[in-house]
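The values are calculated or read from the model by the stated rules, or taken from the named source; none is laboratory data. What you see is a predicted model, and the numbers here were worked out from it, not measured in a lab. Here the Cβ positions follow ideal geometry from the backbone for every residue, glycine too, while neighbour counts run over all protein chains shown. The area values use the complete protein model at the heavy-atom level, side chains included, leaving out ligands, DNA and RNA. Shrake-Rupley method; radii C 1.70, N 1.55, O 1.52, S 1.80 Å.
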Amino acid sequence: TVLGSLPKDAHHRRAWLALLRCFSRIERVLMQHIALPYNSSLPRYDVLTALAFNPQGLTMGELATMLMVSKGNITGVVQRLKSDGLVKKVTSKQDRRIQSVTISAEGRRLWEAMHADYDRIISELLSGQSVAQVQTLTRALQKTLDSVNAISR
């Protein structure tokens, strides 16, 4: 494996590659168990999740910021969700450039079913670790994110 070919003291690269491999594998499992059965995609799930937790709605800019993507990346996803009746999109009367997106009742029903499966799968994938280990992992990842944010500002 790639990890095995790294020098013993390449701790940071080993951690990075392990994190990347873990993320990629978890993402594939989620796609198999969430996206396919619901004829959806993980980006659609992510948009519905953001809107489910913000029932007052979000502007396209707020949605993009929350999901850490560009507005261009979510425009097509939101448009398809709207076409499927899963979200509603309203243009601001004060500024026609601003569009607010809210989840529809049908979108909420789909999200609730998807979210229950998503939560179950994530719990199952992390069940090999104790609660304390998961909490330690969470703290370590948050500390890493803080470092990345400090460097990238």
(request) With 10 Å bins from zero, work out the P(r) of segment 99-153 over every alpha carbon pair and list the percent per bin. (result) 19, 25, 27, 27, 1
(request) List the equivalent ellipsoid semi-axes of segment 17-103 in whole Å, largest first, each obtained as the square root of 5λ for an eigenvalue λ of the Cα gyration tensor. (result) 27, 15, 10
(message) What are the extents of the Cα atoms of segment 50-100 along their three principal axes, in Å, largest first?
(response) 25, 24, 21
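So if I place +1 on the C-beta of Lys and Arg and -1 on the C-beta of Asp and Glu, and nothing else carries charge, what would the dipole magnitude of segment 75-153 be about its Cα centre? I want it in debye, nearest 20. All intermediate terms of the calculation are to be shown ahead of the outcome.
Numbers: 13 positive and 8 negative charges, 112 e Å.
With Lys and Arg at +1 and Asp and Glu at -1, about 540 debye.
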(request) Report Rg (one decimal) and Dmax (nearest whole number) for segment 63-127, counting Cα atoms only, units Å. (result) 14.7, 49
(message) List the residues, sorted by chain then number, that are 5 or more residues from I98 or on another chain and whose placed amide H is less than 5 Å from its amide H.
(response) S92
(request) Enter the accessible area per residue of segment 29-115 (Å², integer; probe 1.4 Å; all protein chains in place). (result) 58
(message) Give me a comma-separated list of calculated 3J(HN,Hα) values for segment 80-96, in order, Karplus coefficients 6.51, -1.76, 1.60 applied at θ = phi - 60°, integers in Hz, x for any Gly or Pro.
(response) 5, 4, 5, 4, 7, x, 8, 9, 10, 10, 10, 8, 4, 6, 6, 9, 5
(request) Output the Cα-based Rg and Dmax of the chain in Å, rounding Rg to one decimal and Dmax to a whole number. (result) 18.6, 61
(message) Within the chain, what whole-number % of the accessible surface is contributed by carbon and sulfur, with the 1.4 Å probe and all protein chains included in the calculation?
(response) 58
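In the neighborhood of Q99, defined by Cβ-to-Cβ distances under 11 Å, what is the net charge if each Lys or Arg adds +1 and each Asp or Glu adds -1?
Numbers: positive: K71, K82, K88, K89, R96, R97; negative: E62, D95.
Net local charge, Q99 excluded: +4.
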(message) I'd like the orientation of helix 131-152 relative to the chain: the angle between its Cα long axis and the longest Cα principal axis, in ° from 0 to 90, rounded to 10.
(response) 80
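Check each of the trypsin sites (Lys or Arg not before Pro) in segment 27-127 and keep only those in coil by DSSP with at most 14 other C-beta atoms within 10 angstrom; list them in order.
On the way: sites: R28, R44, K71, R80, K82, K88, K89, K93, R96, R97, R108, R109, R120; in loops: K93, R96, R97.
When the trypsin sites (Lys or Arg not before Pro) of segment 27-127 are filtered for loop state and at most 14 Cβ neighbours within 10 Å, K93, R96, R97 remain.
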(message) Compute a Gaussian network model of the chain, connecting alpha carbons closer than 10 Å, and tell me which residue from N54, N73, N39 fluctuates the most.
(response) N39
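Taking loop as defined by DSSP and a crowding limit of 14 other beta carbons within 10 Å, which chymotrypsin sites (Phe, Trp or Tyr not before Pro) in segment 1-59 fit?
Numbers: sites: W16, F23, Y38, Y45, F53; in loops: Y38, F53.
Those satisfying the criteria are F53.
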(message) Per residue, how big is the convex hull of segment 1-55 when only Cα atoms are used? Give it in Å³.
(response) 88
(message) Output wanted: per-residue J couplings in Hz (rounded whole) for segment 9-17, from phi through Karplus 6.51 cos²θ - 1.76 cosθ + 1.60, θ = phi - 60°, x for Gly and Pro.
(response) 8, 8, 4, 5, 5, 4, 5, 4, 5
(request) Would you give the gap between the C-alpha center of segment 136-153 and the C-alpha center of segment 20-58, rounded to a whole Å? (result) 23
